[in-house]
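The values are calculated or read from the model by the stated rules, or taken from the named source; none is laboratory data. Please read these numbers as outputs of a predicted model, since none were measured by experiment. Here Cβ is always computed from backbone atoms with ideal geometry, including for glycine, and neighbour counts include all displayed protein chains. SASA here: full protein model, heavy atoms, side chains in, ligands and nucleic acids out. Shrake-Rupley method; radii C 1.70, N 1.55, O 1.52, S 1.80 Å.
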Amino acid sequence: MGTPAMPYTHLGEALATDYLLVREQFSDAEWDRFIAVRRFVDEEVLPTINDFWERAEPPWPLLPRLAELGILGEDIEGYGCPGLSPLAVGLVHMELHRGDGSLGTFFGVQSGLAMKSIAMLGSTAQKERWLPPMARLERIGAFALTEPEHGSDSVALETIARRDGDEWVIDGVKRWIGNATMADVVVVWARDVADGEVKGFLVPTDAPGYAATVIGGKGASRAIWQADVALSEVRVGEQDRLPEARSFADTARVLVTTRATIAWAALGHAVAAYDTALTYAGQRKQFSRPLASFQIVQDRLVRMLADVTAMQLYCMQLARLADSGRLTDTIAGLAKLHNTRKAREVIAQARDVLGGNGILLENHVIRHMTDIEVLHTYEGTETMQTLIVGRDITGIGAFT
């Protein structure tokens, strides 16, 4: 959903990439939420984000605005959370990533992974303690699942937890943990040495034995800090164990919801690139003519629009299925692999349309080109999603 031309104008805003008129399926509340986040992106994110990205520093002034927009907590009901519809949740993720992948990732970790883990798997006391201040961004959360030797094979995690009276002692290492150096609480996934099952724990970052170090040298998502986390005999109480997290299957329940939002996030990156290419092609002149007047440029723009439109339809159906309780891990996985793949193609085409100017941060496309690589990789690579969906449709597992 973009900017120039047709087909809808509402509240002074237009949607250019709504070529199949999906706007008709938005409720007024969903539309208003979309417009509020879109204005935030256009007026506050895009004018400032490149500087933070280039310095590899979180966009500190923008983070409190997420709470002010009333979007943290997404579809969680109560506890100070907005209780958004699945469609509104998707539109929020799309728009934030249209602005910047790092900002969108911060939001996804805080609102999706951390808060959703507590909401879905936590006790009433845990929800009351953490969710309201997290929705106000008075507390920041993180989600520690991935390990240095266990990326795609996350179920094989080696971090362990052992019961010691009324406490749990956690030992292990995690990697690529967003927000971990700035969080107040981290949802840590560890294997119970007693029964071998994966369980979740709420670990305060001021607990003795917890250490997080920012991973440097990133060429993508530079405006968010991911970290290596070390847990050395970290002690938490039984009251800090997520009571409904009894096995990795419960971890996966959280990941299904967030994997669907990645399909929306990829759409946001693609829309940003397409909008930029379309605008640039209309303004940039070569051989005394606008680029948009050349057949090969029009061909590229139409191909980009076709991909963006297909991505939109995937996302709209994800929202419908989530709303009816029929969203599965394989459906979310198929949408995630399709949309990240197509977003990479759309952004690459946009980079070509802009020529040499396409590598300048001021035109934003190169930032989206690198940031989409993060979405393409995390929460299950395209390869892993392909194998998971392949197993579903054939009944044959191609991996152990």
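The table for this structure:
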| item | result |
| --- | --- |
| Residue match in the stretch 15-29 (condition: open to solvent by 30 Å² or more (accessible area, probe 1.4 Å), at pLDDT 95 or above, of a type outside the set (Lys, Arg) and part of a helix (DSSP H, G or I)) | no |
| Residue match in the stretch 342-353 (condition: open to solvent by 10 Å² or more (accessible area, probe 1.4 Å) and under 17 Å from the mean Cα position of the chain (by Cα)) | yes |
| Selection from the stretch 50-77 of residues that are more than 28 Å from Leu131 (Cβ to Cβ) and either touching an Asp or Glu at 6+ places or on another chain (Cβ under 8 Å) or among the hydroxyl-bearing types (Ser, Thr, Tyr) (or both) | Asn50, Trp53 |
| Condition check for Ser102: crowded, with 23+ Cβ neighbours inside 10 Å, under 18 Å from Arg246 (Cα atoms) and at pLDDT 95 or above | no |
| Residue match in the stretch 318-333 (condition: of a type outside the set (S, T, N, Q), farther than 30 Å from Ala114 by Cα and within 22 Å of the chain's Cα centre (by Cα)) | no |
| Top-ranked residue of the stretch 78-92 - restricted to ones that are touching an Asp or Glu at 6+ places or on another chain (Cβ under 8 Å) and outside any helix (DSSP H, G or I), ranked as most open to solvent (accessible area, probe 1.4 Å) | Tyr79 |
| Some residue of the stretch 144-163 being within 17 Å of the chain's Cα centre (by Cα) and open to solvent by less than 30 Å² (accessible area, probe 1.4 Å) | yes |
| Considering residues of the stretch 371-400 that are charged (D, E, K, R) and under 18 Å from the mean Cα position of the chain (by Cα) only, the residue least open to solvent (accessible area, probe 1.4 Å) | Asp371 |
| Matching residues in the stretch 273-313 - criterion: being open to solvent by 10 Å² or more (accessible area, probe 1.4 Å) and under 30 Å from Leu327 (Cβ atoms) | Tyr274, Asp275, Arg303, Leu305, Ala306, Asp307, Thr309, Ala310, Leu313 |
| Every residue from the stretch 111-125 that is assigned to a helix (DSSP H, G or I) and closer than 14 Å to Val188 by Cβ | Leu113, Ala114, Ser117, Ile118, Leu121 |
| Tabulated pairs, the stretch 133-146, first of a type in the set (Asp, Glu), second open to solvent by 10 Å² or more (accessible area, probe 1.4 Å), C-beta under 9 angstrom, 6+ apart or interchain | Glu138/Ala67; Glu138/Pro132; Glu138/Asp184 |
| Among the residues listed as Glu244, Glu233, the single one being open to solvent by 60 Å² or more (accessible area, probe 1.4 Å), in a loop (DSSP other than H, G, I, E, B) and not aromatic (Phe, Trp, Tyr) | Glu244 |
| Enumeration of residues in the stretch 314-368 that are assigned to a loop (DSSP other than H, G, I, E, B) and under 27 Å from Leu291 (Cβ atoms) | Leu354, Leu360, His364 |
| Residue match in the stretch 340-351 (condition: at pLDDT 95 or above, touching a Ser or Thr at 6+ places or on another chain (Cβ under 9 Å), within 17 Å of Leu278 (Cα to Cα) and not hydroxyl-bearing (Ser, Thr, Tyr)) | yes |
| Qualifying residue in the stretch 205-217 (condition: over 23 Å from Ile118 (Cβ atoms), part of a loop (DSSP other than H, G, I, E, B) and without any contact (Cβ under 8 Å) to a residue 24 or more places away in the chain) | yes |
